[in-house]
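Engineer: Let me begin by handing over the structure; questions about it come next.
The values are calculated or read from the model by the stated rules, or taken from the named source; none is laboratory data. This is a predicted model, so every value here is computed, not measured. Note: ideal-geometry Cβ built from the backbone for every residue, glycine included; neighbour counts use all protein chains shown. Please note that ligands, DNA and RNA were not included when accessible areas were found on the heavy atoms of the full protein model with its side chains. Shrake-Rupley method; radii C 1.70, N 1.55, O 1.52, S 1.80 Å.
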There are 2 protein chains.
Amino acid sequence: MTNEKILRVDMDSGDVVFEDIPQEYEHFAGRAFTSNVISDEVDPECHPLGPNNKLVFSSGIITGTSAPSSGRLSVGSKSPLTGGIKESNVGTDFSQALKKLQIRGIIVEGQSDEYKLLKIDKDGVELVPAEEWSGIGLYEAFDQLRDEFGDVSISGVGIAAEMSGFNSGIAFNDPEGLSSRYAGRGGLGAVMASRGLKYIVVDDNDAPGVEIKDRELFKKGRKKVVDGLQEHDVTKTDGALSNYGTSVLINIVNEVGALPHYNFSKGQSEEAEKVSGERKVEEIEKRGGENPHTCSPGCIIQCSEVWTKEDGSDPVGALEYESVWALGPNCGIFDLDVVGELNRKCNDLGMDTIETGATIAVAMEGELLEFGDGEAALELLEEVRENTPRSKLILNGAKFAGDALGVNRVPVVKNQAMPAYDPRAVKGIGITYATSTMGADHTAGYSICQEVLGVGGKRDPLEINGKPELSREMQATTAAIDSVGHCLFSAFALLDIEEALEGVVEEVNGVLDTDMTIDDVVEYGQDILKTEREFNKAAGFTKQDDRIPEFMREEKLPPHNVAFEVSNEQLDSVFEK
Amino acid sequence: MTNEKILRVDMDSGDVVFEDIPQEYEHFAGRAFTSNVISDEVDPECHPLGPNNKLVFSSGIITGTSAPSSGRLSVGSKSPLTGGIKESNVGTDFSQALKKLQIRGIIVEGQSDEYKLLKIDKDGVELVPAEEWSGIGLYEAFDQLRDEFGDVSISGVGIAAEMSGFNSGIAFNDPEGLSSRYAGRGGLGAVMASRGLKYIVVDDNDAPGVEIKDRELFKKGRKKVVDGLQEHDVTKTDGALSNYGTSVLINIVNEVGALPHYNFSKGQSEEAEKVSGERKVEEIEKRGGENPHTCSPGCIIQCSEVWTKEDGSDPVGALEYESVWALGPNCGIFDLDVVGELNRKCNDLGMDTIETGATIAVAMEGELLEFGDGEAALELLEEVRENTPRSKLILNGAKFAGDALGVNRVPVVKNQAMPAYDPRAVKGIGITYATSTMGADHTAGYSICQEVLGVGGKRDPLEINGKPELSREMQATTAAIDSVGHCLFSAFALLDIEEALEGVVEEVNGVLDTDMTIDDVVEYGQDILKTEREFNKAAGFTKQDDRIPEFMREEKLPPHNVAFEVSNEQLDSVFEK
């Protein structure tokens, strides 16, 4: 038995109730929790923005404890972008606050006609009117909410979500309180807004804290994980991620010829270096932003930072690799200040940077604006605030913009835009894009570890052989990590250092009082994928949805001049083993 | 053996070749021809507007003969709107001209960067440049093409197709040469434009004529069909269709409470009468347009007309029931002059009136313009010519507009907008909408015959029992009729008069030298459906695509206050018998 509860919020009636955790959910947290609730409670055929969808929040198993780099939260729903199940994962102290209040998950159902705010603290929960914080940018809204509610953790959706945009995400605060942490993918912002839920604020003052059943075991495991993270070159203090943030990858991925430029037209350029992690850090040092920096307390990887304008104003939060790429090279933009401003607008409007960057690049190909024209891109985003027809062309993702503008070269799977690795140049990640339950998603099975970074064994990125198996393994372990609550970047250490992996299992066993083995944890991940695939099947997905777009099979990507030659049979083998 | 040939047009190379008809295609014409070619030659996973799709034209088996009301043509492809197979059917002398030239079908493949015109006459075929007739309205273009090529039959696509609009159709001439006859549904205009094919002109001067293997049998059959059509109340000279055109249905369907108003919000109004067939005819008599009138030579039903402005200018062509409803009551517009202008703009821009009307109604619900504001609707369509961002919101159909504007009440199946019968008030047609291979399509299995008109036996429209079977039968016989080449309206007589039905089979046996029975013809239709369903399955369709939208299950339609309560099992039973 656990002290943790499920908080169920009925937006129709305004009722908020705490429920006991059912027996079969005893060990479900994070993605295991969200995906099982969606599978058990949501009709797969429902309209994602209609009355029958639900939105679920759940922190990881070990989130809220002293386990390092574990401030992660899963948000789940049926996605309006993909039409399938969605788990979008974010690092933020919001996750820890919920867990310390012993809330395993929040299930939001029904629809309110007026925007509400869900207020949670140790004394209880209430829904209060939130119209006054609608129609405004999220940086300002988060400030106002702290003025109103004090030093709280915040989740909220922005103007893009109010407009039902399929590329609207759900924002969370970073340590400075900026609206820069995102459960960005799959249009979950629109799901939240369509419930009538605009914000959640959580105050964990005097919270009872996370229940840890076997503290000794937990501490033993925790130490192994800390040691592993501090030993590994990628994750250690003063390591690659800590020094340069995630956009250390710009130069690395450009070097291997897999950094998509100009809407996936080439994989390498000399200009890419101008928006690299190295350049970013140089600038931050001049400007006096923060680096290294965490996304949530207790992280020792510290891949985040605070980017500002040249004069130190308009802090953005982190400039993540995916965001810099999407709004930068993929749009032919090689100016970090422009990228920073675009990123700030996305964070302010509540838009997924990956989907938005991919969408703007498609719009550039469709001649709505020109490649490389950062000012035009900024204006276009600014129009979202004014609700212009032009802005509506970029609010529903890359596929939608392609359809609007007659562009067939649209880099999506299951309607979701690909992230910053061209699948033609890195086959394994392409197989993950194609077969993931989530649509194109690098975090669903990050074979970049092996294929580019040489972590967990080095694989040739252009080789196809063995990649379906690699993707399958990575997808299962990822689903497990998304449930445990460790940041996915822990995987760098876990893949190379066996003891660190054991440590994770001990942390989990310590918290839950279980006796899982490493194999059990992998199986736990496989079970999640199975649940998600069954939901998607019942929503109408078939193997034809597990495909890379036609243009990537027909068009070769420079500099390697390779197409995506993975056969349908190879793709289908990932889950038909 | 037959003298007929297949004309294959390669837009990549510019090659045009005549091919013999393969043995297995010996008896395929019309929809049987187009659907089999698409199934045999097109990868179901291809991008509909990419290099691997094809566009196929084929007249019916008896088209071009003296069989009454048989000037029908099928156009087939993979649809950019539905993502599945598409057969769009049109009545025009173009169909007869092709057949008289002994061309069984045209297969267009590849893609040309510049717009071309395909010129066909008794001496041969050539592709000529057509850029000079692009970017202009189709009424004017058709005039110019006749100036250039003489008294030819014309097929062409308009500005909406040039912009890859999913609601672009393929236009054909009516007897006055107006661009008013449409293979409207499923975005086939965009497929044609994306091949680089802008027009086809056919000159059937000195054509050899249709080969009829057994003239005596054919004549015997023909007489029975003529007698049947002239005997039946709906189809006879001075009958309902001849007197009032298809929009005789406005008052009838309004009366039964199934005429969708204001984006499918109610099924009946007192205003509907203002746009009825009766009112239309009154006005035409005053204005001096034409009524009754045929869509193609040899039709004795004569349901067409020529509508004009009050002063007799700007002839539209026919104001069909579906068009009047879509652009009228469904948008809250009850003024025939406004409806006529909207219809003329659709015909001029190359847009499907049904999809466009449904889209404008969704845009009205999404507050892009107001219900009932005909001037605003006219302006919005006019913007298509100017390529404004606003116009792009309405070029890809109702679902796309709903996504753009945050409207969940979108009346589509497989992304294709429903025609003028609310499925909540007429269950059988709803079952056809849901389960047709074509997306929501009344012509795919027109159970309105039985459910509203009492033709072929009277059925209660609100009753569900027996309707899956009725829909199944109607879908199979329709697929056969779409291949034979008789207008679907012949079915009114065929359903009630056994001898007329025998006559059709004799016409077919006379032309083809076969000895089919009525049962064989039904099986012929069933085989087409099977081929189409297999294509759709391979394109990724599942039973989840055979569904009526959620809002129609949740929201009751006045005046009967009924939802669409047909169960998923009942829907699935149509093809899982």
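Engineer: Evaluate the stretch A:518-526: report whether one residue or more is touching a Cys at 6+ places or on another chain (Cβ under 7 Å) and open to solvent by 30 Å² or more (accessible area, probe 1.4 Å).
Structural biologist: The answer is no; no qualifying residue exists.
Engineer: Could you pull out the residue among B:I333, B:I360 that is under 14 Å from B:S276 (Cα atoms) and either buried (at least 24 other Cβ atoms within 10 Å of the Cβ) or in contact (Cβ under 8 Å) with a residue 24 or more places away in the chain (or both)?
Structural biologist: From the options B:I333, B:I360, the qualifying one is B:I333.
Engineer: Scan the stretch A:316-335 for residues that are aliphatic (A, V, I, L, M) and within 25 Å of A:F142 (Cβ to Cβ) and jot them down.
Structural biologist: Scanning the stretch A:316-335 gives A:V316, A:A318, A:L319, A:V324, A:A326, A:L327.
Engineer: Here's a follow-up. In the stretch A:247-286, how many are in contact with a strand residue (DSSP E or B) (Cβ under 8 Å, 6 or more places away or on another chain), open to solvent by less than 30 Å² (accessible area, probe 1.4 Å) and assigned to a helix (DSSP H, G or I)?
Structural biologist: 4
Engineer: If you check B:A404, B:A398, B:A376, which single one turns out to be within 14 Å of another protein chain (Cβ to nearest Cβ), surrounded by 24 or more Cβ atoms within 10 Å (Cβ to Cβ), more than 24 Å from the chain's Cα centre (by Cα) and at pLDDT 95 or above?
Structural biologist: That would be B:A404, the only listed residue that is within 14 Å of another protein chain (Cβ to nearest Cβ), surrounded by 24 or more Cβ atoms within 10 Å (Cβ to Cβ), more than 24 Å from the chain's Cα centre (by Cα) and at pLDDT 95 or above.
Engineer: Within the stretch A:338-357, can you find the residues that are among the charged types (D, E, K, R) and not in a helix (DSSP H, G or I)?
Structural biologist: Hit for the stretch A:338-357 is A:D352, nothing else.
Engineer: Continuing with this model, one more query. List the helices (runs of 4 or more DSSP H) inside the stretch A:370-429, counting only whole elements, that have at least 1 residues being acidic (D, E).
Structural biologist: Here the list reads A:374-386, A:397-405.
Engineer: Scan the stretch A:336-356 residue by residue and report those that are without any contact (Cβ under 8 Å) to a residue 60 or more places away in the chain and either more than 22 Å from A:S164 (Cβ to Cβ) or open to solvent by less than 20 Å² (accessible area, probe 1.4 Å) (or both).
Structural biologist: Listed by number, the residues that qualify are A:D337, A:V338, A:G340, A:E341, A:L342, A:N343, A:C346.
Residue-by-condition table, conditions (1) within 17 Å of the chain's Cα centre (by Cα); (2) more than 21 Å from B:K86 (Cα to Cα); (3) acidic (D, E):
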| site | (1), (2), (3) |
| --- | --- |
| B:S447 | yes, no, no |
| B:G466 | no, yes, no |
| B:E473 | no, no, yes |
| B:T478 | yes, no, no |
| B:S483 | yes, no, no |
| B:F492 | no, yes, no |
| B:G503 | no, yes, no |
| B:E523 | no, no, yes |
| B:R547 | no, no, no |
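Engineer: A follow-up question, please. Of a type in the set (A, V, I, L, M), in a helix (DSSP H, G or I) and either within 14 Å of chain B (Cβ to nearest Cβ) or over 20 Å from A:N291 (Cβ atoms) (or both): is that true of A:V362 in this structure?
Structural biologist: When the stated conditions are applied, A:V362 passes them.
Engineer: Identify, please: which residue in the stretch B:534-567 is among the polar types (S, T, N, Q) and more than 10 Å from chain A (Cβ to nearest Cβ) and is, among those, farthest from A:T542 (Cα to Cα)?
Structural biologist: B:N561
Engineer: Is it true that A:I300 is crowded, with 21+ Cβ neighbours inside 10 Å and β-branched (V, I, T)?
Structural biologist: The answer is no for A:I300.
Engineer: For the stretch A:45-78, how many residues meet the condition of being within 13 Å of another protein chain (Cβ to nearest Cβ), out of contact with any Asp or Glu (no Cβ under 7 Å at 6 or more places or on another chain) and within 24 Å of A:A398 (Cβ to Cβ)?
Structural biologist: Count: 4.
Engineer: I'd like the residue in the stretch A:511-522 that is without any contact (Cβ under 8 Å) to a residue 24 or more places away in the chain and of a type outside the set (S, T, N, Q) and, out of all such residues, is farthest from the other protein chains (Cβ to nearest Cβ).
Structural biologist: A:D515
Engineer: Follow-up question, since we're still on this one. Of all residues in the stretch B:29-44, how many are within 10 Å of chain A (Cβ to nearest Cβ) and either free of Cβ contacts under 8 Å to residues at least 40 places away in the same chain or among the hydrophobic types (A, V, I, L, M, F, W, C) (or both)?
Structural biologist: The total comes to 1.
Engineer: For residues in the stretch B:407-435 being buried (at least 24 other Cβ atoms within 10 Å of the Cβ) and among the basic types (K, R), which is farthest from the other protein chains (Cβ to nearest Cβ)?
Structural biologist: B:K427
Engineer: To continue, here is another question. Quick check on my filter: what residues within the stretch A:125-154 are in contact with a strand residue (DSSP E or B) (Cβ under 8 Å, 6 or more places away or on another chain) and either under 28 Å from A:V511 (Cα atoms) or of a type in the set (V, I, T) (or both)?
Structural biologist: A:V125, A:V128, A:V152, A:S153, A:I154
Engineer: Please find, among A:E367, A:E386, the residue that is without any contact (Cβ under 8 Å) to a residue 12 or more places away in the chain, out of contact with any strand residue (DSSP E or B) (no Cβ under 6 Å at 6 or more places or on another chain) and within 14 Å of another protein chain (Cβ to nearest Cβ).
Structural biologist: The unique qualifying residue is A:E386.
Engineer: Step by step: first the residues of the stretch A:456-468, then only those that are within 20 Å of A:L488 (Cβ to Cβ) and touching a residue at least 60 places away in the same chain (Cβ under 8 Å), then the one that is least open to solvent (accessible area, probe 1.4 Å). Which residue is that?
Structural biologist: A:K467
Engineer: On to the next question. Any residue at all in the stretch B:496-506 that is assigned to a loop (DSSP other than H, G, I, E, B), within 14 Å of chain A (Cβ to nearest Cβ) and aliphatic (A, V, I, L, M)?
Structural biologist: No, there is no match, as no residue in the stretch B:496-506 is assigned to a loop (DSSP other than H, G, I, E, B), within 14 Å of chain A (Cβ to nearest Cβ) and aliphatic (A, V, I, L, M).
Engineer: Let me ask something else. Of the residues that sit in the stretch B:101-117 and are open to solvent by less than 50 Å² (accessible area, probe 1.4 Å) and part of a strand (DSSP E or B), which one is farthest from B:L512 (Cα to Cα)?
Structural biologist: B:L117
Engineer: Same structure, new question: Need a quick list: strands (runs of 3 or more DSSP E) entirely within the stretch B:11-84 having at least 1 residues that are surrounded by fewer than 24 Cβ atoms within 10 Å (Cβ to Cβ) and of a type in the set (D, E).
Structural biologist: In the stretch B:11-84, B:16-20 are the strands (runs of 3 or more DSSP E) which contain 1 or more residues that are surrounded by fewer than 24 Cβ atoms within 10 Å (Cβ to Cβ) and of a type in the set (D, E).
Engineer: Right, next: If I ask for residues that are in a loop (DSSP other than H, G, I, E, B) and either in contact with a strand residue (DSSP E or B) (Cβ under 9 Å, 6 or more places away or on another chain) or basic (K, R) (or both), which ones from the stretch B:287-307 would you list?
Structural biologist: Across the stretch B:287-307, the qualifying residues are B:G289, B:T294, B:C295, B:S296, B:C299, B:I301, B:Q302.
Engineer: Here is a further query. Taking the stretch A:530-565 as the region of interest, how many residues are assigned to a helix (DSSP H, G or I), open to solvent by 30 Å² or more (accessible area, probe 1.4 Å) and closer than 24 Å to A:V426 by Cβ?
Structural biologist: 7
Engineer: So is A:I120 among the hydrophobic types (A, V, I, L, M, F, W, C), open to solvent by less than 10 Å² (accessible area, probe 1.4 Å), more than 23 Å from the chain's Cα centre (by Cα) and closer than 24 Å to A:A29 by Cα or not?
Structural biologist: Here the answer is yes, as A:I120 does meet what is asked.
Engineer: Still on this structure, I have one more. Among the listed residues A:E26, A:E19, A:E87, A:E4, identify the single one that is more than 14 Å from chain B (Cβ to nearest Cβ) and without any contact (Cβ under 8 Å) to a residue 24 or more places away in the chain.
Structural biologist: Among A:E26, A:E19, A:E87, A:E4, only A:E19 is more than 14 Å from chain B (Cβ to nearest Cβ) and without any contact (Cβ under 8 Å) to a residue 24 or more places away in the chain.
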